[in-house]
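Quick notes on the structure that follows.
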Amino acid sequence: MGILDFLSGQFIDVIHWTDDTRDTLVWRFEREGHEIKYGAKLTVREGQAAVFIHEGQMADVFTPGLYMLETNNMPIMTSLQHWDHGFQSPFKSEIYFVNTNRFTDLKWGTKNPVMLRDPEFGPTRIRAFGTYSIKVTEPARFMTEIVGTDGEFTTDEITFQIRNIIVQESSRVMAGSGIPVLDMAANTGDMGKLIATKVSEVLAEYGLTMPEFYIENISLPPAVEAALDKRTSMGLAGDLGKFTQYSAAEAMTAAAQNPAGGGGMGAGLGMGMGMAMANQMANPQGYQPGPWGAAPQQAQPAPVAAHPAPPPPPVEHVWHIAKAGQTSGPFSKADMGRQAASGELTRDTHVWTPGQDGWMKAGDVQELAQLFTILPPPPPPGV
């Protein structure tokens, strides 16, 4: 091998980049000390741009195409090198390939809640997250402002800064939009376009743009969401009476799951509410039971085929009172004593307590009969 053959082997004459990654924004053509031969072929593929850095200065930017590196198509570098009559010798330059394709499915989200004034809820906090895409539109500016001399620049090195810009602009847009939180889901498309426009104005200083921006979800604090769920349940219940029945049933279920927490009193209250709800559900047309043994006002309820197993013995009985077709209670024995003293409760008042077989007159219940011993009984008939 002659000396001329050896020297010719030191010169690179084919320059190109085939990207086999999904996150590389900039890649430096590694020449490992080899000089670039005059007349070398430069291939720039679609979705790429080639940036020449000569002696630390921005020289030329080549868009997609095939180039012969000669004086006539490298005017900037020629002026930098002061080659007035062209150059035939090899030259040294750093060549960076910039990926100008869109980088999609990049994630963003509000790390901290965004404070805003909602027309319906007042001051509240929301969180949001979604995806976006970026694209290099000015390779030269991107190189000077962001990349510098990084030989392989990936999306991970800039997405953190972009997320900060997105969060800042999205917080400003959402807080100043005046759109109620409940209506934001219907306006995510318009809000996304507005946020993308604001963010692109900042990214333009880096040679970037944001062609797509999506808001996937806007969420409220858990306490507010729980209140909304309860409000929705009330709407589904239809009216307050049904919602009261629904809430009572939930309370009974919770008490049954935690018998130790409520004691005997909780069991008695739960069973009493259950019986009252059963009466209301069995008589949707307004049936009200009369005194035990008397004819009902509209229809006699079907007899119970078998009594359920009695609950554990309560610490103290609680009582329900039936008057004028209406039930009230539960009342403790102390409450019953005060009503007996005031005359609201008499011997003929019908009462019921969990475990008792139907309604009975208060004077026939041994536990309550003693409440009337301080009062004389009614006079016998005919006297």
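The values are calculated or read from the model by the stated rules, or taken from the named source; none is laboratory data. Nothing here was measured: the structure is a model prediction, and the numbers come from that model. Here Cβ is always computed from backbone atoms with ideal geometry, including for glycine, and neighbour counts include all displayed protein chains.
Observations on the structure shown:
- Test: GLY358 is at pLDDT 75 or above, surrounded by fewer than 16 Cβ atoms within 10 Å (Cβ to Cβ), assigned by TED's automatic domain parsing to the domain that holds GLN257 and not charged (D, E, K, R): yes
- Filtered residues of the range 361-373 (kept if buried (at least 17 other Cβ atoms within 10 Å of the Cβ) and out of contact with any Lys or Arg (no Cβ under 7 Å at 6 or more places or on another chain)): VAL365, LEU368, LEU371
- Restricting the range 193-222 to residues that are part of a helix (DSSP H, G or I) and crowded, with 20+ Cβ neighbours inside 10 Å, the residue that is nearest to the chain's Cα centre (by Cα): ILE195
- Residue satisfying condition, being touching a residue at least 24 places away in the same chain (Cβ under 8 Å) and assigned by TED's automatic domain parsing to the domain that holds GLU212, within set PHE142, PHE160: PHE142
- In the range 141-162, the residues that are in contact with a strand residue (DSSP E or B) (Cβ under 7 Å, 6 or more places away or on another chain), surrounded by fewer than 18 Cβ atoms within 10 Å (Cβ to Cβ) and either modelled with pLDDT of 90 or more or in a helix (DSSP H, G or I) (or both): THR144
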